[in-house]
Amino acid sequence: MWKRLSVLWLLVKGDARRLWFALRHPEAPRWLKVGTALVLLYLLSPLDLIPDALPIVGVVDDLVLVPAAIRWMLNRLPAHIRAAADTRVASN
């Protein structure tokens, strides 16, 4: 289980940094900023698809939906913004 969580953390960490650099790009699309705000709102909101009161299942939806939403947004970026974000992540 720890191995799965550490792999998930590495994926989220890299994608979150890539998203951060893409957001700071001067040509970042407006939908990316709105989508990121919605993902953060979902993450911080007490309302979830599956309530956190359920011991394990309530947290798992956050661990699956948030990384999936970030990856989905990154895959829809224009190629030059995606390449610039990848370059910035690789250089840091």
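Could you list, in sequence order, the residues of the stretch 13-35 that are of a type in the set (Asp, Glu) and either buried (at least 17 other Cβ atoms within 10 Å of the Cβ) or assigned to a helix (DSSP H, G or I) (or both)?
ASP15 - this is the single residue of the stretch 13-35 that is of a type in the set (Asp, Glu) and either buried (at least 17 other Cβ atoms within 10 Å of the Cβ) or assigned to a helix (DSSP H, G or I) (or both).
Please determine whether any residue of the stretch 38-49 is assigned to a helix (DSSP H, G or I), within 16 Å of the chain's Cα centre (by Cα) and modelled with pLDDT of 90 or more.
yes
Could you check the stretch 72-86 and list, in sequence order, the residues that are surrounded by 11 or more Cβ atoms within 10 Å (Cβ to Cβ) and part of a helix (DSSP H, G or I)?
Scanning the stretch 72-86 gives TRP72, MET73, LEU74, ILE81, ARG82, ALA83, ALA84, ALA85, ASP86.
The values are calculated or read from the model by the stated rules, or taken from the named source; none is laboratory data. No experiment lies behind these values; they were computed from the predicted model shown. Virtual Cβ from ideal backbone geometry, glycine too; neighbours counted across all protein chains shown.
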